[in-house]
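Read the structure below first, then the notes.
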Amino acid sequence: MFAELSSDDRAKYVAAKRAVEFVEDGMRLGLGTGSTAAWMVRCLSERVQKEGLRIQGVPTSTRTAILARELGLEVITLDEAGRLDITIDGTDEFDANLNLIKGGGGALLQEKIVASASDKMIVIADFDKCVTHLGQFPLPIEVLGFGLKSSQDQIASLLAAHDVAGRDITMRMAGNAPFVTDEGNYILDLHLDQISNPAKLAFALNQVPGVVENGLFINICDLVVLGASDGTLEEYSKN
């Protein structure tokens with residue numbers, strides 16, 4: 001199967017396969033969202049079928065829940081699970097401190113809640129996701145529909161006081177209509193190019209009324225597993 005995959009999918013597959021090796025019998029897991037996380041769900045299902053692992057998964061989106069159930073994984077809610085052992089998810093960017101930008105798939109709110117409820121977060125990605133400074137990928141901000149214009153104006157004013165290279169803000173669209181998250185909110189994408197102080201910016205953004213959550217994951221990730229199309233793997237941890 002590996003040889004039949006595209007170059008991008010080979011990189012995602014090897015990273016996902018390695019990440020699920022950390023899963024042990026009886027664990028409760030956070031299941032990420034996105035194309036890389038989908039490979040993780042498939043690899044996890046293979047282990048369950050071959051080894052008889054008893055695991056329970058808390059999906060971070062409706063589409064992950066659907067895929068997990070289709071592949072025979074037991075799906076539960078975070079309230080049912082309580083504390084999770086591991087969350088495995090993808091990322092849009094990460095830096096040397098293992099800070100992340102997530103939310104390209106529109107599931108940043110549930111992803112952050114689930115990751116924060118886990119003893120360990122493992123991120124799977126390809127080598128292109130490693131950056132010197134976060135911000136090349138647009139930073140997603142989940143916002144309420146009520147007072148959306150007011151929230152956007154306050155975010156724009158806030159950016160002027162922070163050391164970022166760009167300040168363009170766009171509404172996330174799904175065709176001709178605004179993209180709507182699983183929680184019924186909207187997403188603003190901030191085109192910042194470079195974020196000098198991610199922790200400071202993350203805190204400031206969440207003080208804006210109407211902002212539900214931002215896509216900066218600060219001090220949440222414990223391990224990054226990088227995969228390449230030739231099967232090469234590298235791991236980066238806080239230790």
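Of all residues being touching a helix residue (DSSP H, G or I) at 6+ places or on another chain (Cβ under 9 Å) and buried (at least 16 other Cβ atoms within 10 Å of the Cβ) in segment 145-166, which is farthest from Leu188 (Cα to Cα)? Just the residue, please.
Val164
Please verify whether segment 29-44 includes one or more residues that are farther than 21 Å from Ala228 by Cα, of a type in the set (A, V, I, L, M) and without any contact (Cβ under 8 Å) to a residue 40 or more places away in the chain.
Step one: list which residues in segment 29-44 are farther than 21 Å from Ala228 by Cα, which gives 29-31.
Subsequent filtering for residues that are of a type in the set (A, V, I, L, M) retains 29, 31.
Of the ones still in play, those that are also without any contact (Cβ under 8 Å) to a residue 40 or more places away in the chain are none.
The answer is no, given that none of the residues of segment 29-44 is farther than 21 Å from Ala228 by Cα, of a type in the set (A, V, I, L, M) and without any contact (Cβ under 8 Å) to a residue 40 or more places away in the chain.
Would it be correct to say that Gly90 is out of contact with any strand residue (DSSP E or B) (no Cβ under 8 Å at 6 or more places or on another chain), small (Gly, Ala, Ser) and within 22 Å of Lys17 (Cβ to Cβ)?
Numbers: out of contact with any strand residue (DSSP E or B) (no Cβ under 8 Å at 6 or more places or on another chain): no; small (Gly, Ala, Ser): yes; within 22 Å of Lys17 (Cβ to Cβ): yes.
It is false that Gly90 is out of contact with any strand residue (DSSP E or B) (no Cβ under 8 Å at 6 or more places or on another chain), small (Gly, Ala, Ser) and within 22 Å of Lys17 (Cβ to Cβ).
Would you confirm, using the coordinates I've provided, whether Leu201 is among the aliphatic types (A, V, I, L, M), touching a His at 6+ places or on another chain (Cβ under 9 Å) and outside the structural domain of Phe22 (by TED's automatic domain parsing)? I'd like the intermediate steps shown before the answer.
Working: among the aliphatic types (A, V, I, L, M): yes; touching a His at 6+ places or on another chain (Cβ under 9 Å): yes; outside the structural domain of Phe22 (by TED's automatic domain parsing): yes.
Here the answer is yes, as Leu201 does meet what is asked.
Pull out all pairs, ordered by first then second residue, where Cβ-Cβ is under 9 Å, the residues are six or more apart or on different chains, the first lies in segment 46-58 and is touching a residue at least 40 places away in the same chain (Cβ under 8 Å), and the second is charged (D, E, K, R) and loosely packed, with under 13 Cβ neighbours inside 10 Å.
As it stands, the answer is Val58/Glu80, since those pairs meet every condition given.
Does Leu190 count as of a type in the set (A, V, I, L, M, F, W, C), touching a strand residue (DSSP E or B) at 6+ places or on another chain (Cβ under 6 Å) and not assigned by TED's automatic domain parsing to the domain that holds Ala19? Don't jump to the end; show me each part of the working.
Values: of a type in the set (A, V, I, L, M, F, W, C): yes; touching a strand residue (DSSP E or B) at 6+ places or on another chain (Cβ under 6 Å): yes; not assigned by TED's automatic domain parsing to the domain that holds Ala19: yes.
It is true that Leu190 is of a type in the set (A, V, I, L, M, F, W, C), touching a strand residue (DSSP E or B) at 6+ places or on another chain (Cβ under 6 Å) and not assigned by TED's automatic domain parsing to the domain that holds Ala19.
Of all strands (runs of 3 or more DSSP E) completely enclosed by segment 148-239, which ones contain at least 2 residues that are over 21 Å from Ala115 (Cα atoms)?
Numbers: elements: 168-171, 186-191, 211-214, 223-227, 233-237.
By residue number, 168-171, 186-191, 233-237.
Given the condition among the acidic types (Asp, Glu), more than 20 Å from Leu233 (Cβ to Cβ) and either in the same structural domain as Ala228 (by TED's automatic domain parsing) or surrounded by fewer than 22 Cβ atoms within 10 Å (Cβ to Cβ) (or both), answer yes or no: does some residue in segment 12-21 qualify?
If we filter segment 12-21 for residues that are among the acidic types (Asp, Glu), which is where we start, we get 21.
Filter once more, so that each one left must be more than 20 Å from Leu233 (Cβ to Cβ): none.
Scanning segment 12-21, I find no residue that is among the acidic types (Asp, Glu), more than 20 Å from Leu233 (Cβ to Cβ) and either in the same structural domain as Ala228 (by TED's automatic domain parsing) or surrounded by fewer than 22 Cβ atoms within 10 Å (Cβ to Cβ) (or both), so the answer is no.
Out of curiosity, is Leu134 touching a residue at least 24 places away in the same chain (Cβ under 8 Å), in a loop (DSSP other than H, G, I, E, B) and aliphatic (A, V, I, L, M)?
When the stated conditions are applied, Leu134 passes them.
What number goes with the only condition from (1) touching a strand residue (DSSP E or B) at 6+ places or on another chain (Cβ under 8 Å); (2) surrounded by fewer than 23 Cβ atoms within 10 Å (Cβ to Cβ) that Thr132 does not pass?
(1)
The values are calculated or read from the model by the stated rules, or taken from the named source; none is laboratory data. What you are looking at is a predicted structure, and each value in this text was computed from that prediction instead of being measured. For neighbour counting, all protein chains shown are included, and Cβ atoms are generated from backbone atoms with ideal geometry for every residue, glycine included.
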